[in-house]
1. Write out, first by first residue and then by second, each pair whose Cβ atoms fall under 6 Å of each other, whose residues are 6+ apart or on separate chains, and whose first residue, in segment 468-480, is among the charged types (D, E, K, R) while the second is open to solvent by 90 Å² or more (accessible area, probe 1.4 Å).
2. Given the condition in a loop (DSSP other than H, G, I, E, B), modelled with pLDDT of 90 or more and either of a type outside the set (Phe, Trp, Tyr) or on the phi < 0 side of the Ramachandran plot (or both), answer yes or no: does some residue in segment 278-301 qualify?
3. Which one is farthest from the chain's Cα centre (by Cα), of the residues in segment 422-456 that are hydroxyl-bearing (Ser, Thr, Tyr) and surrounded by fewer than 21 Cβ atoms within 10 Å (Cβ to Cβ)?
4. Kindly provide the set of residues from segment 254-274 that are part of a helix (DSSP H, G or I) and either at pLDDT below 90 or surrounded by 24 or more Cβ atoms within 10 Å (Cβ to Cβ) (or both), ordered by number.
5. Please tell me if residue 352 is surrounded by 24 or more Cβ atoms within 10 Å (Cβ to Cβ) and either at pLDDT 90 or above or β-branched (Val, Ile, Thr) (or both).
6. Go through the residues of segment 130-139 one by one and say whether even a single one is more than 21 Å from residue 357 (Cβ to Cβ) and touching a residue at least 40 places away in the same chain (Cβ under 8 Å).
7. What about residue 201, is it under 18 Å from residue 339 (Cα atoms), under 23 Å from the mean Cα position of the chain (by Cα) and open to solvent by 50 Å² or more (accessible area, probe 1.4 Å)?
8. Taking residue 359 as meeting all but one of (1) assigned to a helix (DSSP H, G or I); (2) open to solvent by 10 Å² or more (accessible area, probe 1.4 Å), write down the number of the exception.
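The values are calculated or read from the model by the stated rules, or taken from the named source; none is laboratory data. Source: prediction; values computed, not measured. Every residue, glycine among them, receives a Cβ derived from its backbone with ideal geometry; neighbour counts consider all protein chains shown. Only protein heavy atoms, including side chains, enter the accessible area calculation; ligands, DNA and RNA are left aside. Shrake-Rupley method; radii C 1.70, N 1.55, O 1.52, S 1.80 Å.
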Amino acid sequence: MDMEKSSSSEKPTSQDADEVAGVGEVLNASGHKQELERNFSLLSICAIGITTGNVWAALGGSIVIALYNGGPAGVIYEFIAVSCCYFMIAACIAEMASAIPSSAGVYHWASVTGGARFGKVIGFYAGWWNVLGWIFGTASISSILANQIISMYGLFHEGYAFERWHVFIAYLIVTWLSCFVVMFANRALPKVTNIGLFFILAGVFITIMVCAIMPSRTGKGYASNKFVWREWQNQAGWSSDGFVFCAGMLNGAFAVGTPDCVSHLAEELPSPRTNIPKAILAQYTVGFLTAFLYLITIFYSVNDLDTLFANPWPFPLAELYRQATNSHGGALALLLVIFIPTFCTNIGCYITSGRMLWTLGRDDATPFSKWISKVDKKWGNPFNATLVCGFVNTVLGCIYIGSSTAFSAFVGSFIVLSSLSYLAFILPNILTRRRHVIKGPFTMPDPVFYVVASIACVYMVVWIPIYCFPFAVPFTAQTMNYASALVGGVTILLGGWYAWIRNRGYVGPRRLVETLDNGESVITPQANTS
């Protein structure tokens, strides 16, 4: 059956149409044998979404870079603007996850919405852009954690000058600790993510309270309303303030740009057609509210912006917290409060990147696909795929030792790659007028869908090139933004790999179960050509 028929076979039933028995085995909505245990509940899947997104901590990790693009007022309004755009993307993802609950996520959806003619190649690129984006994003979070550790050390060692190998050692520790938790504690992950949810909510509450109270106790007072809400500060060097605003949205996008994370656990929770949209809603509601309140509070506690820009530590938020508390001990406490939630985020990123790579492997889209697609019976997870993600990020850490610019090119491409993967399924769904997808429990009415999906696509088409511009001018070879070169190079290499496998067994996502009119389920061969 072709791709259109495969998608139309997924008709919701009282059982969520999530599993259909055929020839003695259970196949899920992806068309594959159900191999992973359904460990996660609605609460734990919401916890994974919130901890993996962890918007307030991600914003804190890049806050000083964000301040170059408009100052505090610019950061706040840029965050609101980019959050509105990502709400649109998240709504499209929630709708597709409700219609086709597959751990393959955008890879599966792009293959379906692209139709029989183009679905195979579009899905291939969407899947690889998505998994590479998540792997590079995981490396970015590991880097933030490593810089937090070094900055906490530097708070109490005056004159300490960090070197890249110091950060690299810390990077390796947090990388493999996070990776091992995912690999060896699969059945405990729901509890781990619930604990992470507690630390995220408690952490943002403690940080907000401390930063709201301490400036009045230290005698330095609060920043003015004008400084926080109205004073525009263009430190990026671009002549156009409008372009600075648009480019500055990248920092907010880094924080909120994870709308598909819970969709990759569709085969590990009950009733995914209804629970995944709920988890996405919880992720974005909690993420936006906590981050918005966090930004306002920390900006009112700033009393010396020049010192913030000039501080020598690799994690400048340490200086901001020192200003807020007027104490090195207070700054350390707040850094610990943000470190623990960020570590939970790293675990969530490894869950997502490992699952996504595994889905590509089980469809023969990766080298050594039989090994990568193996689900370890003892540990109950895609052990090998997660291990590969850990090794790739270790290699990226080695690149950081040689060139921080090259490392920044990889981790800085996270938003561009993930946005391309979202565009690959949303735009074809618009162009084909949704005819390839049977509606799930959560479906937007046509007028709402076309407005929401069109805004999402316009945002990605316009802002992807903007996010590839240099962060500031004038720029040098070291400060240039190489995201476009990296994404272009990766895409060309993927084209070579696709040309090699397209006629050697690769057929794209498999939907092997077709429900006949009489209700009988049979295994049928799949014919899928591009």
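1. Once the first residue is among the charged types (D, E, K, R) and sits in segment 468-480, no partner that is open to solvent by 90 Å² or more (accessible area, probe 1.4 Å) comes close enough.
2. No, there is no match, as no residue in segment 278-301 is in a loop (DSSP other than H, G, I, E, B), modelled with pLDDT of 90 or more and either of a type outside the set (Phe, Trp, Tyr) or on the phi < 0 side of the Ramachandran plot (or both).
3. If we take residues in segment 422-456 being hydroxyl-bearing (Ser, Thr, Tyr) and surrounded by fewer than 21 Cβ atoms within 10 Å (Cβ to Cβ), then 432 is farthest from the chain's Cα centre (by Cα).
4. Passing the criteria: 254, 255, 256, 261, 262, 263, 264, 265, 266, 267, 268, 272.
5. Considered against the rule, which asks whether it is surrounded by 24 or more Cβ atoms within 10 Å (Cβ to Cβ) and either at pLDDT 90 or above or β-branched (Val, Ile, Thr) (or both), residue 352 comes out as yes.
6. Checked segment 130-139: no residue is more than 21 Å from residue 357 (Cβ to Cβ) and touching a residue at least 40 places away in the same chain (Cβ under 8 Å).
7. When the stated conditions are applied, residue 201 passes them.
8. Every condition holds for residue 359 apart from (2).
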